[in-house]
Amino acid sequence: MEEEVLKILKEIFVKPSEKAFELSSKYRVLPYMAERYVRMLGEEEAVELLKSFEKPVKPVIRVNTLLVDPDTLKSSLEAKGFRLERISWFENAFKIQEAPEQPSPGATIEYLKGYYYLHRDSSSLLPVLLLTHEYKGDVLDACAAPGGKTTFLAERVHGKGFVYANDLVLRRLRSLIGHITRMRVENVVVSWSDARKISKVFNRKFERILLDAPCSGEGRISVDPGRRFRTSIYELALMVKREIELLDSLINLLDDDGIIAYSTCSIAPEENEYVVSKILGKRSDVEVAPPPVKLFNYSSWIKKYGDLLFHEELEKCVRLWPHVHGTFGFTTCLLRKTRR
């Protein structure tokens, strides 16, 4: 294991420049992160990104349309003092522009009745919308807690499919089950397992799998400033190793022509381009699938980072930047299992 991690570390490490150390000190991020941003975006845009980490991101209400009409819920909450703005690319979600002191968004009667899920921002809606576009069958949510994507998936395939929601961390499973119960979604099966070994739990294949991979969370710095310093480059290499293992093992559970959505709340190419490129280089039975619908102007994944050249198909994958899209940093890549 240690040899594998050191090999990854050697491949992903890029020596920070003097400029990176300067930006690191000024904007309070680790030097390797500052170096990455400059290499990906150029110095001027890297500064825009770093400044965006200081800006709050508006939380989002996703309406549970199994229980309530979006406009009815909007009127009810606005009567309590909320000011809501509909998401332009998804009509059943609203950005909270203003909220009253009481009740908080997570303490309204409507929330307790399961009429909506409270997302930290809109980016997490994207992989579910892409994965379930014109699809109504079963879905495996491999790393499901705390439940935002699981309950959304359950709503999307309601009446036609089940969501098999799995997580490894027991305390997070409690949160998952709590949200499933609160939102009264009945087409969810919950399991407690390491997703790398989940084939021992489910003796079947899936047409759709969501892997919202445990990651550095670097795209969420605006709401969790500790992530500026939390992940050393060695710890990042450990995460990358796990992400490769997760994605590789879950592809084995895909039906032919099935699709897995690989998502992270990280803008790091090490956790995205590098991971998927390793899978494409290792396997001959998988290809990148373009997003089935263009909800808004996404950014593409990059072709090169340091000495690493990534697979050209990765241009089809989606990245959201905080300074461009006004969301968390977030990525999604759709991979299709091909017939051998």
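When residues of the stretch 124-144 are filtered for being assigned to a loop (DSSP other than H, G, I, E, B) and under 12 Å from the mean Cα position of the chain (by Cα), how many remain? Spell out how you get there, then give the answer.
Just the residues of the stretch 124-144 that are assigned to a loop (DSSP other than H, G, I, E, B), to begin with: 124, 132-138, 142-144.
Filter once more, keeping what is under 12 Å from the mean Cα position of the chain (by Cα): 124, 143-144.
Number satisfying all stated conditions: 3.
Could we say that K149 is of a type in the set (K, R) and farther than 19 Å from S175 by Cα here? I'd like the intermediate steps shown before the answer.
Working: of a type in the set (K, R): yes; farther than 19 Å from S175 by Cα: no.
It is false that K149 is of a type in the set (K, R) and farther than 19 Å from S175 by Cα.
Just need a number here: residues in the stretch 82-122 that are under 22 Å from W321 (Cβ atoms) and of a type in the set (V, I, T). If you could, list the steps in order and put the result at the bottom.
To start, the set of residues in the stretch 82-122 that are under 22 Å from W321 (Cβ atoms) comprises 85, 87-90, 93, 95-97, 119-122.
Okay, now just the ones that are also of a type in the set (V, I, T), so 87, 96.
Counting residues in the stretch 82-122 that are under 22 Å from W321 (Cβ atoms) and of a type in the set (V, I, T) gives 2.
I'm checking my understanding of the structure. Among residues of the stretch 58-74 that are without any contact (Cβ under 8 Å) to a residue 60 or more places away in the chain and surrounded by fewer than 20 Cβ atoms within 10 Å (Cβ to Cβ), which one is nearest to G147 (Cα to Cα)?
Only one residue tops the list, namely V68.
Working carefully through the options S193, S122, find the one that is surrounded by fewer than 20 Cβ atoms within 10 Å (Cβ to Cβ) and touching a strand residue (DSSP E or B) at 6+ places or on another chain (Cβ under 6 Å).
Of S193, S122, the one residue that is surrounded by fewer than 20 Cβ atoms within 10 Å (Cβ to Cβ) and touching a strand residue (DSSP E or B) at 6+ places or on another chain (Cβ under 6 Å) is S193.
Quick check: is even one residue across the stretch 280-297 surrounded by 23 or more Cβ atoms within 10 Å (Cβ to Cβ) and under 19 Å from the mean Cα position of the chain (by Cα)? Working first, answer last.
To start, the set of residues in the stretch 280-297 that are surrounded by 23 or more Cβ atoms within 10 Å (Cβ to Cβ) comprises none.
Looking through the stretch 280-297, none of the residues is surrounded by 23 or more Cβ atoms within 10 Å (Cβ to Cβ) and under 19 Å from the mean Cα position of the chain (by Cα).
Picking from L176, L140, which residue would you name as being surrounded by 18 or more Cβ atoms within 10 Å (Cβ to Cβ) and either among the acidic types (D, E) or free of Cβ contacts under 8 Å to residues at least 40 places away in the same chain (or both)?
Numbers: L140 fails: either among the acidic types (D, E) or free of Cβ contacts under 8 Å to residues at least 40 places away in the same chain (or both).
Going through L176, L140 in turn, the sole match is L176.
With T181, T150 as the choices, which residue is at pLDDT 95 or above, under 24 Å from C317 (Cα atoms), polar (S, T, N, Q) and in the same structural domain as A289 (by TED's automatic domain parsing)?
T150
Okay, residues lined up against (1) out of contact with any Gly (no Cβ under 7 Å at 6 or more places or on another chain); (2) more than 25 Å from L129 (Cα to Cα):
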{"position": "F206", "(1), (2)": "no, no"}
{"position": "R220", "(1), (2)": "yes, no"}
{"position": "G226", "(1), (2)": "yes, yes"}
{"position": "I244", "(1), (2)": "yes, no"}
{"position": "N272", "(1), (2)": "yes, no"}
{"position": "K278", "(1), (2)": "yes, yes"}
{"position": "K282", "(1), (2)": "yes, yes"}
{"position": "D285", "(1), (2)": "yes, no"}
{"position": "N297", "(1), (2)": "yes, no"}
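Give me a count of the residues in the stretch 75-106 that are among the aliphatic types (A, V, I, L, M) and either in contact (Cβ under 8 Å) with a residue 60 or more places away in the chain or not in a loop (DSSP other than H, G, I, E, B) (or both).
Taking the stretch 75-106 first, the residues among the aliphatic types (A, V, I, L, M) are 77, 79, 84, 87, 93, 96, 99.
Next, from what is left, pick out any that are either in contact (Cβ under 8 Å) with a residue 60 or more places away in the chain or not in a loop (DSSP other than H, G, I, E, B) (or both): 77, 84, 93, 96.
Of the residues in the stretch 75-106, 4 are among the aliphatic types (A, V, I, L, M) and either in contact (Cβ under 8 Å) with a residue 60 or more places away in the chain or not in a loop (DSSP other than H, G, I, E, B) (or both).
Got at least one residue in the stretch 221-236 being under 23 Å from L314 (Cα atoms), in contact with a Cys (Cβ under 7 Å, 6 or more places away or on another chain) and assigned by TED's automatic domain parsing to the domain that holds T332? Don't jump to the end; show me each part of the working.
Residues of the stretch 221-236 under 23 Å from L314 (Cα atoms): 236.
Subsequent filtering for residues that are in contact with a Cys (Cβ under 7 Å, 6 or more places away or on another chain) retains none.
Checked against the condition, which is being under 23 Å from L314 (Cα atoms), in contact with a Cys (Cβ under 7 Å, 6 or more places away or on another chain) and assigned by TED's automatic domain parsing to the domain that holds T332, the stretch 221-236 yields no hits at all.
Got a sec? Which of L247, L309, L254 is surrounded by fewer than 16 Cβ atoms within 10 Å (Cβ to Cβ) and either over 24 Å from E45 (Cα atoms) or without any contact (Cβ under 8 Å) to a residue 40 or more places away in the chain (or both)? Can you show your working first?
Values: L247 fails: surrounded by fewer than 16 Cβ atoms within 10 Å (Cβ to Cβ); L254 fails: surrounded by fewer than 16 Cβ atoms within 10 Å (Cβ to Cβ).
Only one candidate passes the filter, namely L309.
The values are calculated or read from the model by the stated rules, or taken from the named source; none is laboratory data. Keep in mind that this is a model prediction, so the values were computed, not measured. When we count neighbours, we look across all protein chains shown, and the Cβ atoms used for this are built from the backbone with ideal geometry, even at glycine.
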